[in-house]
Amino acid sequence: MRPVHHLIVVVVIALVAGCGTPARSPETTISTGPKIDVIWVPSDVVVVRQMLQMAGVGRDDVVYDLGSGDGRIVIMAAREFGARGVGVDIDPELIRKARANAVTAGVADRVTFVEEDLFTADISQATVVAIYLGPDVNLRLRPKLQRELRPGARIVSHDYDLGDWQPEQTATVYFDNRDHLVFLWRVPSR
């Protein structure tokens, strides 16, 4: 009988010491990286050009791209339309890539990239905001756009609308064997 008592004591000590602690379930896993609401998928240059043309981007504009990825939208806005641009992305690697792309494109003096959450970024200086996010993210972002942008500011979105806020203009760009939708809104006077 004595060996059984020793076994019980060893099991109790092991459990108390933590050896019997179950592994964390996936729901309780702690993440140390940024919370990313959407996976970055680049808009093709044909779609980007349509977005910027539809928004009427020009030299006096400041184009913000929320979820800017590699920076292609604000880089094109600066290079082809003469605008200034700000790219906002939460992913530090994409921010580094966008900055390098701006240098390569020769527009690093006209564009800025900030590592920040698009829901907390200050967008009040934007005259144009470009987005390619997703339906749920667009709906969550809509109150911020309406609250922080000045009347007359334009919002242009690739593929996803802003719920029941009717766009001023909609276009279809056929590319890569599918239709890409482009929507344009203008912030109304208050």
- Item | the range 32-142 - charge dipole about Cα centre, Lys and Arg +1 at Cβ, Asp and Glu -1, debye rounded to 20 | 260 debye
- What is the sum of charges around Val156, taking Lys and Arg as +1, Asp and Glu as -1, for the other residues whose C-beta is under 12 Å from the C-beta of Val156? -2
- Residues Thr170, Thr120, sorted so that the one with the fewest Cβ neighbours within 10 Å comes first: Thr120, Thr170
- Residue-by-residue Karplus 3J(HN,Hα) for the range 132-140, coefficients 6.51, -1.76, 1.60, Hz, glycine and proline x: 9, 10, x, x, 5, 5, 4, 5, 5
- Message: At a 10 Å Cβ-Cβ cut-off, how would you order Trp185, Trp165, fewest neighbours first?
- Response: Trp165, Trp185
- Rounded, prolate or oblate: which one fits the range 87-184, using the alpha carbon gyration tensor with axes a ≥ b ≥ c (rounded when a/c is under 1.5, else prolate when a/b beats b/c, else oblate)? oblate
- Query: How do Val128, Val182 rank when sorted from fewest to most other Cβ atoms within 10 Å of their own Cβ?
  - Reply: Val182, Val128
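Each value in this text was obtained by applying a stated rule to the coordinates, not by laboratory testing. What you see is a predicted model; the values in this text were computed from it and never measured. All Cβ positions, even for glycine, are placed from backbone atoms using ideal geometry, and neighbour counts span all protein chains on display.
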